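Colleague: Take a look at this one; I'll ask things after.
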Amino acid sequence: MTKDVKSMIDEIYDDKLKQLNEKAVEIREWIIKMLLEAGSGHSAGPLGMADIFAAMYFHVLRHDPKNPDWEDRDRLILSNGHICPVRYAAMALAGYFPVRELMTLRKIDSRLQGHPHRSALPGVETTSGPLGEGISQAIGMALAGRLDKKDYQVYCVASDGEHEEGNTWEAVMYAGKEKLHNLTVILDRNNIQIDGFTEDVMPLEPVRAKYEAFNWHVLEVDGHNIRAFVEAVREARTIYEKPTLIIAHTIAGKGVDFMEGDFTWHGKPPNKDEAKKALSELRTLHGKIRSEHE
């Protein structure tokens, strides 16, 4: 590859990266506006996963918003359903439904319930609520893909807190036994849960060694580095003898200074003044992203 060709490819990639980073900030802005309008919901987790959901819906996933039940689509399972505002925002911006509908979050008769409901919103693969079920559901879809000789990928976003549950580890053990190379779990390792820090409530470490002991390929990335995350997904697709875990180290409440790393924001929305301050900080992020890529 000549230097000129490589430079051109790098420029294209950098331009795409800028778009994805901008999209992540836009997702965060909608999360704040949705939660303020709803008056209830979860702030920390959705904000922390905005970069990954921007990458998934605008670069990684093989999907068609106009045909959400497309047979050959990649599947994305959200096991920790309480962070659904980030998924709703990403889906709306990707074209699954009108963006204005985001403001109906948690309202009576809304399709955007406090936890995703499969039959209510096209494009949502599973109904979630009780934690710890997503990996098992993803395994079923991965097995179906194998039986049907399909090449779609199954991705499951799961929280670190739900890894305190026994059924999660039963699923992890089974997926390793079945060598489900079409399954990738994305672990949101933000170290918090509703009652405090995970390592105080129920220590999870060493997470990597536990998965590797169950025959998983394990990668670790900064969950706010979209380039690193995309490269990890790309590597996961090359692994043919086992499932892959991507441990995404994230900061709960990312992008909003007074929320970052504070577990008390796990399950509460901002009030009017807090939302105003949060949106101001996020709009500053837009300018920072633009300047970094100019």
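Residue-wise test of (1) under 17 Å from the mean Cα position of the chain (by Cα); (2) not charged (D, E, K, R).
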| position | (1), (2) |
| --- | --- |
| 23 | yes, no |
| 36 | no, yes |
| 39 | no, yes |
| 42 | yes, yes |
| 45 | yes, yes |
| 53 | yes, yes |
| 58 | yes, yes |
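Colleague: Got a sec? Which strands (runs of 3 or more DSSP E) wholly within segment 164-270 have at least 3 residues that are in contact (Cβ under 8 Å) with a residue 40 or more places away in the chain and out of contact with any Asp or Glu (no Cβ under 6 Å at 6 or more places or on another chain)?
Modeller: In segment 164-270, the matching strands (runs of 3 or more DSSP E) lie at 183-189, 244-249.
Colleague: From the list 109, 148, which one is farther than 18 Å from residue 38 by Cα, surrounded by fewer than 18 Cβ atoms within 10 Å (Cβ to Cβ) and not hydrophobic (A, V, I, L, M, F, W, C)?
Modeller: 148
Colleague: Does residue 93 meet the test of being under 17 Å from the mean Cα position of the chain (by Cα) and surrounded by fewer than 24 Cβ atoms within 10 Å (Cβ to Cβ)?
Modeller: Spelling it out, residue 93 is indeed under 17 Å from the mean Cα position of the chain (by Cα) and surrounded by fewer than 24 Cβ atoms within 10 Å (Cβ to Cβ).
Each value in this text was obtained by applying a stated rule to the coordinates, not by laboratory testing. These numbers were taken from a predicted model, which means no experiment stands behind them. FYI the Cβ positions are ideal-geometry reconstructions off the backbone, even for glycines, and counts take in every protein chain you see.
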